[in-house]
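The values are calculated or read from the model by the stated rules, or taken from the named source; none is laboratory data. The shown structure was predicted, so the numbers you read here are calculated from the model rather than taken from an experiment. For neighbour counting, all protein chains shown are included, and Cβ atoms are generated from backbone atoms with ideal geometry for every residue, glycine included. Just the protein is used for accessible areas: all its heavy atoms, side chains included, with ligands, DNA and RNA removed. Shrake-Rupley method; radii C 1.70, N 1.55, O 1.52, S 1.80 Å.
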Amino acid sequence: MATTSLLRPFAVAAAGAVLVATGATHAAAADSGTAGAPASDVPGVLAALQATTVAGAPGAFAVIRDHGGTENTRSVSVGRANLDGTPMNSSWRFRVGSNSKMFTAVLVMQLVQEGRIDLDKPLRDYLPEGTLPEGWSMTGRQVMEHRAGIYDHTNDLLEQAGEETTSAFEARIRTKAYDPRDLVAMSVKHGVQYTPGSRYSYSNTDFVLLGLAVEHLTGQPFAEVLNERIIQPLGLRKTSFVVPDQEIRGAHVTGYLTNDDRSKPLLDSTEQTGSWVWSAGAVISDAEDLDRFLTALLAGNAGGLVSDDSVRQMTAALPTPTAKVSYGLGLRRISLTCGDVYGHGGIVQGFQTQSFVTQDGRRSVVVFANASNNGAVTQGLMNTLEPAFCGKKPVVAPRTFSAPSADLPGSGAPRTAPAAQLPVVEDTRI
């Protein structure tokens, strides 16, 4: 376990960037990787994080943890946790957005193991009567894989495709307390979108339905089931599900939306009910808890959450329309140059997170920025994964691109971009 802690300015960083390294050996060895894992390219991670702040995020961080004989943690933070000037803090809490889907998926798989749900039978059989119309035969497995043909209700709550607006946030999201059955009703009125199982289409309603199934089968509120089956057993001290309470309790990062009127400052969106996405996106956590959850999940029997067989099913990911990205049962697989990693991304008003772990659990990476509705910030976070997991690549001639002035305040001047970027995945709103 960690026995030393070092805080020092990172030599190649711009002002305000900090590297915190903890490990059982001298800090100089903190970037050396573990057996079978390449050394992380921390300067590459830092450069990607700095790109998010150039794009408009007040701050960002990455936490890289190596597990095994020697526990190593590298935390790289840039910018601010709030507009009052507080430095970004990678140990503070934040809204994890669609990373919540992994928690919901684990609860479902636990019920599968208990024989209380069959993923290859219609999910309708495990929901309160009338939740889905008669004849809707999509299975639980198809719903978990986003291959059920169920319309995403969030399209009706947001005003533009791909990114939410601050006007929609204030009108329909910040203070509204939705019943999850009403969210499903919004979706159902659009009808089945395609033959279940025939293709992939990301839908938050899928995981609202799974949350309702968890409640129906256990007879308990979703928050109680989550607490009893995941949060308490793993000792996740900073993880909670408090819908419809708006506050993030304890030390937390402030989240910001880019204002519809770009002449106005960023909008503090931290306080919100989370009810519009419920079990699909309303979990609050921190980087350490996400690491503990992910490593326990991928460990199967040894992790105490789900069985080895459940992990095999969850990681049996199918292709999506996005290159290098596949989706399993509540887990996303991203194919990097050094192998596949599993986890999820999450974007919810003011907060962006990408949380992934290697299949053997040896390395986890959690990256975060406190801004949303900004595609350049999303791309910056995606660009941390390759250097964090796979290390430094051979030098190649950089290419340049001009970012829109809306995303890069002050100029459309060219800046360097990685030669091979990971694509931004489809959950760009939540």
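Taking into account only those residues within segment 128-137 that are under 14 Å from H216 (Cα atoms) and of a type outside the set (D, E, K, R), which is most open to solvent (accessible area, probe 1.4 Å)? Let's see the steps before the verdict.
Restricting attention to segment 128-137, the residues satisfying the condition of being under 14 Å from H216 (Cα atoms) are 128-132.
Cutting the leftovers down to of a type outside the set (D, E, K, R) gives us 128, 130-132.
Numbers: P128: 39, G130: 65, T131: 24, L132: 5 Å².
If we take residues in segment 128-137 being under 14 Å from H216 (Cα atoms) and of a type outside the set (D, E, K, R), then G130 is most open to solvent (accessible area, probe 1.4 Å).
The single condition among (1) surrounded by fewer than 22 Cβ atoms within 10 Å (Cβ to Cβ); (2) in a helix (DSSP H, G or I) that N89 does not meet is (2). Criterion applied to D120, D125 was being open to solvent by 20 Å² or more (accessible area, probe 1.4 Å), more than 30 Å from D268 (Cα to Cα) and in a loop (DSSP other than H, G, I, E, B), and the one residue passing it is D120. For segment 199-209, the criterion of being touching a helix residue (DSSP H, G or I) at 6+ places or on another chain (Cβ under 6 Å), among the β-branched types (V, I, T) and surrounded by 20 or more Cβ atoms within 10 Å (Cβ to Cβ) is satisfied by at least one residue.
The condition (being open to solvent by less than 10 Å² (accessible area, probe 1.4 Å), modelled with pLDDT under 95 and in contact with a helix residue (DSSP H, G or I) (Cβ under 7 Å, 6 or more places away or on another chain)) is satisfied by just one residue among T104, T154: T154. Pairing residues of segment 275-287 that are in contact (Cβ under 8 Å) with a residue 40 or more places away in the chain and within 16 Å of L212 (Cβ to Cβ) with residues that are of a type in the set (D, E, K, R) and part of a helix (DSSP H, G or I), at Cβ distances under 9 Å and at least 6 apart in sequence or on separate chains, gives W276/R172; S279/K101; S279/E215; A280/K101; A280/D206; G281/K101.
Against the test of being under 11 Å from the mean Cα position of the chain (by Cα) and farther than 26 Å from E114 by Cα, the options T353, T258, T358 yield a single qualifying residue, T353. Does T131 qualify as being modelled with pLDDT of 95 or more, part of a loop (DSSP other than H, G, I, E, B), of a type in the set (V, I, T) and closer than 23 Å to F351 by Cα? The answer is no for T131. Could you tell me which residue of segment 279-328 is nearest to F94 (Cα to Cα), considering only residues that are open to solvent by less than 10 Å² (accessible area, probe 1.4 Å), in a strand (DSSP E or B) and of a type in the set (A, V, I, L, M, F, W, C)? Restricting to residues being open to solvent by less than 10 Å² (accessible area, probe 1.4 Å), in a strand (DSSP E or B) and of a type in the set (A, V, I, L, M, F, W, C), the top hit is I284.
Restricting V112, V78 to residues that are closer than 25 Å to T353 by Cα and modelled with pLDDT of 95 or more narrows the list to V78.
Across segment 329-386, the qualifying residues are those that are under 20 Å from F207 (Cβ atoms) and free of Cβ contacts under 8 Å to residues at least 40 places away in the same chain, and the one among them that is surrounded by the fewest Cβ atoms within 10 Å (Cβ to Cβ) is R333. Just give me the residues in segment 246-260 being open to solvent by less than 70 Å² (accessible area, probe 1.4 Å), assigned to a loop (DSSP other than H, G, I, E, B) and either without any contact (Cβ under 8 Å) to a residue 12 or more places away in the chain or under 23 Å from F222 (Cβ atoms) (or both), in sequence order. Q246, I248, G250, G255 - these are the residues of segment 246-260 that are open to solvent by less than 70 Å² (accessible area, probe 1.4 Å), assigned to a loop (DSSP other than H, G, I, E, B) and either without any contact (Cβ under 8 Å) to a residue 12 or more places away in the chain or under 23 Å from F222 (Cβ atoms) (or both).
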